[in-house]
Amino acid sequence: MGRELLGIDVGGSSVKAGRVDIDAGRLLGGLDSVPTPSPSTPAALTAVFRDLAAATVPGTTPVGVALPSVIKRGTVLTAANIDAGWIGTDARALAERELRRPVVFLNDADAAGVAEVRWGAGRDFSGTIVMLTFGTGIGSALFNGGRLWPNSEFGHMELKGVDAELRASARVRTAEKLDFPAWAERVNEYLAAMDKLFWPDMYILGGAISERFAEFAPLLRSQAALRPAQFGNHAGVIGAALAAGDAQA
Ligand code: BGC
């Protein structure tokens, strides 16, 4: 049995938490899920983190938290689908005061990517990898030789005059009732734009839609290999705990 840490992943509708064996890259037991408080202010969400940590892992076990935000040195710089009051908040200082244990914050797609690259779809692969998560928006994580370049925001790359995530996210697919061929065409435009600038060796496609990878993968085109994420909606929780482990090392 390896070292056990807590991972938390904050989404627009739910906050998920799970104990993670960081030496095996897997969840121990199931995921706890609570509704995201509304409004999802720093104080309200930090209280949720505190309660989840107290109920799940004892004492001073470190915690990793994934937010839909750009985060530098523990300070939140953007907020997608969470309260704008997070912007400018020193999340790490606030959480460590409330939880009385080490807390690490990172972007949600970066967390998912860390899990996939180290233990999932990208393990045993050392080239350049871009993880893309298709959900409410498009999250991204960039890796080379297994190392994360944090806070890439490729979902905001401009495509036909708008943010790519406003054309090709899973939310837009549902809202505009796009079938897979129509949605895949938009994803192909996006991949072509990404390929032109970054030439990755592999894309890992995540988010809930990755469960249907077999249906849309034959429609996608890229010079890079395309793989489905392996951890599904557990990836953010697992990656957040792995990041908390890295910070201890
Ligand atoms: C945000 C990213 C986030 C992604 C997925 C985007 O809108 O800008 O920070 O990773 O959504 O939640």
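Details
- Loop sites in region 166-227: trypsin sites (Lys or Arg not before Pro), DSSP, at most 11 other Cβ within 10 Å: K177
- Loop sites in region 1-88: trypsin sites (Lys or Arg not before Pro), DSSP, at most 15 other Cβ within 10 Å: R3, R73
- Cross-link partners for K160 among the aspartates and glutamates, with Cα-Cα distance under 14 Å and sequence neighbours closer than 8 places in the same chain left out: E185, E189.
- A Förster radius of 22 Å, combined with the Cβ-Cβ distance separating R73 from R147, puts the computed FRET efficiency at roughly 0.75.
- Computed extension gain for E211 through Q248, at 0.36 nm per residue and net of the alpha carbon distance, reaches 10.0 nm.
- Region 217-232 and region 144-179: distance between their alpha carbon centers, rounded to Å: 15 Å
- Reach of K72 by Cα under 28 Å, taken over lysines that are not fewer than 8 positions away in the same chain: K16, K196
- Extension gain, R100-E4: 0.36 nm per intervening residue step, less the Cα-Cα distance, totals 32.8 nm.
- Only helices reaching 24 angstrom along their own axis (Cα) with mean Kyte-Doolittle hydropathy no lower than -1.0 count here, and for the DSSP H runs of the chain these are 180-198.
- Backbone N atoms of region 55-98 closer than 19 Å to the 7 Å Cα→Cβ label point of A43 belong to residues 76, 82-98.
Computed from the coordinates by the stated procedures, all read-outs in this text should not be read as laboratory data. None of these values were measured; they are calculated from a predicted model. Cβ coordinates were reconstructed from backbone atoms using ideal geometry, including for glycine residues, and neighbour counts include every protein chain displayed.
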